[in-house]
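Presented below is the structure to which this report refers.
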Amino acid sequence: MRVVIIGASFAGVAAALEVRKKYADADVILLEKQATLGYIPNGLHLYWDNKIDDLDAARFITTDQLKKETITYYLGATVQKINTTQKIITYDYMEQEELMAYDKLIIAAGSRQLSEKIDGSAQESVLKYKRYGEAQAALSKVKESQHITIIGGGQVGVEAAHLLTKQQKQVTLIESMDYVLFKYLDEDMIQPIEQKMIKNGIDLRLGQTVSSIEMESDQKVTVHLGDDSVTSDAVIMSVNVRPHLPFLDDYVTLHTDQTIAVDRYLRTSVEDVFAVGDCIQLSGPGEDMVYIPLINNAVRTGIVAAANLVKPTVTFNGSSRTIGTTVFGYYVASTGLTEEESLFTNRTVKTARQEVRLNSLNPSDTVTLKYVYDASSRVLLGAQMISTSNILEKINTLALAIQSKLTLEELKQADYFFHPLYTQMVSTTNLVSWMDERADEDES
C-alpha cells in the first residue's frame, strides 16, 4: 500500500508516523512544498524570547528521524494537481514535472497567512512568518525597524506585541473586535492584560478594520483604517490563516470557506482521500463545524486519518480549542466555550468566576478562573484562567473534563494528589466557595 501525504508539517508528519506504526510494510511518502522540514510556526517568537539561539533550532522533526522510520520525503515538492479518478499526483520537484501514483492520499497541506479582504496584504513589505523563509525575512526587517504595526489581536498578534515591546520597539496593534484574544477569553477576563499592554506603551486600536496596506516611497508602510491610518516601518500580518488548495480536482467537495469537507472519519467526498489539520473544519466548542487551525488539532487529525485508511474505525471527537500562552507578565489559558460565544448557540449557560490560591501556604499566588457551564445539567462547557504564576498545565484537566462531559460536581470527585507546596485542600480546577476563595456565579 502506497500512502502519499501532501504536507510535512505537524498534521502530515503525525499521519506519516502513525501510518508507519500501523502498517509496517506500507510505502509512506511525504511531499513538502517548503525546502526545509519541521519548522515550528512560532519559531520566531521563540527566538525573540531567547529560548533558542537560531531559527534552525525551531524544529519538531528531523530528516534523520524520518529516515529511521523509513518514511520517504521530498522537500521543495510543489503539488500542481491531483487526479483522484486515476489516483495520480502531479508535482514539481527539482525543476522537473513528476507524477506519483497513490493507493491512499492524505491532504495535510496546511494554511497560509493572507487576508483577501485587505488590499495589499500579499505584498512582500507585509511580514508573515508562519514558514521558515518568511521568518528569516521578518527577522531581518524587524531588526532594522523601530515602529511596527501588528494586524490582528489573536494569540499570535498579542505574543508578537509582547516580545517586540521587550525589544523596545514602538508597537501599534489593530484588532477589529472590541478586545484582544476574543476567541479564547471573555472581556472581563482580558482586562488585566489590556491594561498592561497600554502601560507598556502599546497603541491599541480596537474595533477598527483594516481596509488596505500601502508601501510608501520612503520604504515605510501605511495601514488604512477607514478614515484613519497608521504609518510605520514594518507591518506584521497576524490575522487568521486560511487553507490554499489550488491543486484539488472538482471531485473533492469544499465548504464555502474553501476548507475540505470531511466526515467523522476524516474521509473526503472521494474514496481513499483523507484531509486533516488546517485543511478542514472541526466540531468546535459550540458543537457546530468551525475552522480551528491549532497544532494540537493538526496532530490529532493526522493520527485519526491514519487509523482509518483501510477501514473506518476511529471517529474524530472534535476540538475544545485549548490554548495557553504567557504575555505581559500573565499566564493565560482557555478551553471550550466562552460566555460571549454561547450567545450564538442554543444553549442556556451560567458562568462563575473565582480567585483561588495555588498552594496551602501563606502567602500564596492565585489564579482567576472563569467557568462556563450548562444551566440545567451543570456540565462544564468552557474554562478560562489567568495568573502571574505558570498555571498552563492545569487547563488540560479542564479540557479533559469538557471532552468527557463532566458536571461541576463530578469534577469535584476527581482524584488529585495533595502536597502543601503545590496544592491546596481541593484542586485549583474545582469550583468551590470555601474560606478565602471567592466564587461569583452569574446566570447568562
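Sort out which residues of segment 354-379 are free of Cβ contacts under 8 Å to residues at least 24 places away in the same chain and either hydrophobic (A, V, I, L, M, F, W, C) or touching a Leu at 6+ places or on another chain (Cβ under 8 Å) (or both), and write them in order of number. T366, the sole residue that qualifies.
Can you find even one residue in segment 328-335 that is assigned to a loop (DSSP other than H, G, I, E, B) and closer than 30 Å to G201 by Cα? For segment 328-335, residues assigned to a loop (DSSP other than H, G, I, E, B) and closer than 30 Å to G201 by Cα: present. Scanning segment 380-424 for residues that are surrounded by 13 or more Cβ atoms within 10 Å (Cβ to Cβ), without any contact (Cβ under 8 Å) to a residue 40 or more places away in the chain and under 17 Å from T322 (Cα atoms) turns up T397, L400, A401, L406. Among the residues making up segment 220-274, those that are at positive phi and not small (G, A, S) are Q258, L266, D272. Do we find a residue being within 22 Å of the chain's Cα centre (by Cα) and at pLDDT 90 or above anywhere in segment 214-225? There is no residue in segment 214-225 that is within 22 Å of the chain's Cα centre (by Cα) and at pLDDT 90 or above. When restricted to residues that are surrounded by 24 or more Cβ atoms within 10 Å (Cβ to Cβ) and touching a helix residue (DSSP H, G or I) at 6+ places or on another chain (Cβ under 8 Å), segment 137-152 contains 3.
Taken residue by residue, segment 89-97 has at least one member that is of a type outside the set (A, V, I, L, M), more than 23 Å from S211 (Cβ to Cβ) and crowded, with 21+ Cβ neighbours inside 10 Å. Pairs meeting the criteria (first residue in segment 52-78 and charged (D, E, K, R), second residue part of a loop (DSSP other than H, G, I, E, B), beta carbons under 6 Å, at least 6 apart or on different chains) are R59/G38. Considering segment 1-118, the qualifying strands (runs of 3 or more DSSP E), each wholly inside and each with 3 or more residues that are aliphatic (A, V, I, L, M) and touching a strand residue (DSSP E or B) at 6+ places or on another chain (Cβ under 8 Å), run over 2-6, 27-32, 96-101, 104-107. Only a single item in (1) surrounded by 22 or more Cβ atoms within 10 Å (Cβ to Cβ); (2) not in a strand (DSSP E or B) is not met by Q123, and it is number (1).
Within segment 222-255, being surrounded by 14 or more Cβ atoms within 10 Å (Cβ to Cβ) and among the acidic types (D, E) holds for one residue alone: D233. Residues that are surrounded by fewer than 19 Cβ atoms within 10 Å (Cβ to Cβ), part of a helix (DSSP H, G or I) and of a type outside the set (S, T, N, Q): does segment 203-213 have at least one? No, every residue in segment 203-213 fails to be surrounded by fewer than 19 Cβ atoms within 10 Å (Cβ to Cβ), part of a helix (DSSP H, G or I) and of a type outside the set (S, T, N, Q). Checked against the criterion of being out of contact with any His (no Cβ under 7 Å at 6 or more places or on another chain), closer than 30 Å to D103 by Cα and surrounded by fewer than 22 Cβ atoms within 10 Å (Cβ to Cβ), the candidates Q219, Q258, Q281 yield just one match: Q258. Residues that are assigned to a helix (DSSP H, G or I), over 21 Å from V142 (Cβ atoms) and under 23 Å from the mean Cα position of the chain (by Cα) are absent from segment 168-184.
Mind listing whichever residues of segment 380-399 are out of contact with any Leu (no Cβ under 7 Å at 6 or more places or on another chain) and more than 21 Å from E187 (Cβ to Cβ)? Once the filter is applied, which keeps residues that are out of contact with any Leu (no Cβ under 7 Å at 6 or more places or on another chain) and more than 21 Å from E187 (Cβ to Cβ), segment 380-399 yields N390, L392, E393, K394, N396, T397, A399. One residue stands out among those in segment 171-220 that are of a type in the set (K, R) and touching a residue at least 40 places away in the same chain (Cβ under 8 Å): the one that is nearest to Q155 (Cα to Cα), which is K183. Of all residues in segment 57-76, those being surrounded by 14 or more Cβ atoms within 10 Å (Cβ to Cβ) and either in contact with a Ser or Thr (Cβ under 7 Å, 6 or more places away or on another chain) or closer than 25 Å to L46 by Cβ (or both) number 10. Taking segment 157-185 as the range and being surrounded by 23 or more Cβ atoms within 10 Å (Cβ to Cβ) and within 21 Å of E340 (Cα to Cα) as the test, the residues that pass are V158, I174, E175, V180, L181, Y184, L185.
For segment 340-352, the set of residues classified as within 20 Å of Q191 (Cα to Cα), surrounded by 19 or more Cβ atoms within 10 Å (Cβ to Cβ) and either outside the structural domain of L408 (by TED's automatic domain parsing) or out of contact with any Gly (no Cβ under 8 Å at 6 or more places or on another chain) (or both) consists of T351 only. Determine whether V372 is in contact with a Gly (Cβ under 9 Å, 6 or more places away or on another chain) and part of a helix (DSSP H, G or I). Taking the combined requirement at face value, the residue does not satisfy it.
Filtering segment 126-154 to residues that are part of a loop (DSSP other than H, G, I, E, B) and among the charged types (D, E, K, R) leaves K128, K130, R131, E144. Checking every residue in segment 26-37 against the condition of being of a type in the set (K, R) and farther than 21 Å from R242 by Cβ gives zero matches.
Restricting segment 16-56 to residues that are under 13 Å from T72 (Cα atoms) and among the small types (G, A, S), the residue that is surrounded by the fewest Cβ atoms within 10 Å (Cβ to Cβ) is A26.
The values are calculated or read from the model by the stated rules, or taken from the named source; none is laboratory data. On a predicted model such as this, the values are computed, not experimentally measured, just so you know. Positions of Cβ are generated from backbone atoms using ideal geometry, with glycine treated the same way; all protein chains shown enter the neighbour counts.
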